[in-house]
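Below is one structure; the comments refer to it alone.
The values are calculated or read from the model by the stated rules, or taken from the named source; none is laboratory data. Model, not experiment: these values are computed from the prediction. We place every Cβ from the backbone using ideal geometry, glycine too, and count neighbours over all the protein chains shown.
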Amino acid sequence: MKNVLVLGGTGFVGTPVCEMLLQQGWQVTVCSRLGASAELLQRNLPEIHVLELDVHDEMALTQALTGQQAVVNLVAILHGTADAFEKVHVDLPRKLVRACSAAGVRQMVHVSALGANAIRPQSAPSMYLRSKGQGEAVLLQAAALEQASWFDLTILRPSVIFGVRDKFLNVFAQLQKVLPVMPLAGATTRFQPVWVEDVASAVVRSLERTAIAGAPKAPLILELCGPDVFTLRHLVQLSARLSGIRGGRGRPVLALPRWLARLQATLMELAPGEPLMSRDNLNSMKIDNVASGNVPGLSYLGIEAASLVPIASAYLGGK
């Protein structure tokens, strides 16, 4: 039996990852602080073992990894302070390396982000991307030190992810139901959205790739992108068309200048709950979120990237 521990397994990406792992014969344990999302996952996938655990507790993490062959790290945050990004995106990978070494876990798949730069993490425009790059650097350093012995590392860098439960196209569609116009920061930033099922397939296939007997396996970095590139303005308009808002015309998109976009993001940060936009998100959009072409993509794993429009039309059409 193949055993894998999944961190972040109750989330948007984690749920299809767990489902596919089960289909491929893996015994899946998910770390969670329990709650409604864990209960829903276990109800839909009763074969999964849900373990109540604080993933930042290194001792508990080591115990959870004992007896596992592999670990998948999907834990991430989009909003927060510099300390919060450091804790989740840098300190957790560091703890995972030590815990894997102590527990004898040989393989890790780590989901990072398109735009992260492990060589020059400080060159990234936002705390989010800088911390993602720093987390990659921690893992790559460990893989370099341990390359000939135990540490088999795959880093996946997805673009913005779309799917039935996304907080991306669904949000754009919902906002256009209530707003007379769509004030939009980063309207000209380009994205290469990737389907959540393709991301999940990449995680599973990364776990299942095998090394050449007797040869150390170099760390693998993949950029996960769909086949189509859109500006953010186009994606907002597309969400309206596919949802049938105002007969598919949607709302007029008002592209905000940077100073006004920053004011909007500041006000959104002050609102209760998780913000729709933060100043750090705005900083991330200073660079396009598209494949660099410097590392392989989904095709390396034999996955043909799905186009956004046919899939999004199926789940936005009923809204």
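Observations on the structure shown:
- Residues located in the stretch 247-281, provided they are in contact with a helix residue (DSSP H, G or I) (Cβ under 7 Å, 6 or more places away or on another chain), assigned to a loop (DSSP other than H, G, I, E, B) and in contact (Cβ under 8 Å) with a residue 12 or more places away in the chain: Gly250, Arg251, Leu256, Pro275, Leu276, Met277, Ser278
- Residue count for the stretch 25-54, restricted to those that are more than 27 Å from Arg94 (Cα to Cα), in contact (Cβ under 8 Å) with a residue 24 or more places away in the chain and surrounded by 13 or more Cβ atoms within 10 Å (Cβ to Cβ): 2.
- Answer from Leu145, Leu114, Leu53 - the residue that is farther than 21 Å from Asn3 by Cβ and more than 18 Å from the chain's Cα centre (by Cα): Leu145
- Number of the condition not met by Pro257 [criteria: (1) within 25 Å of the chain's Cα centre (by Cα); (2) not assigned by TED's automatic domain parsing to the domain that holds Pro121]: (1)
- Considering residues of the stretch 131-185 that are among the basic types (Lys, Arg) and not in a loop (DSSP other than H, G, I, E, B) only, the residue surrounded by the fewest Cβ atoms within 10 Å (Cβ to Cβ): Lys177
- Residue count for the stretch 55-103, restricted to those that are within 27 Å of Val160 (Cα to Cα) and either surrounded by fewer than 17 Cβ atoms within 10 Å (Cβ to Cβ) or not aromatic (Phe, Trp, Tyr) (or both): 29.
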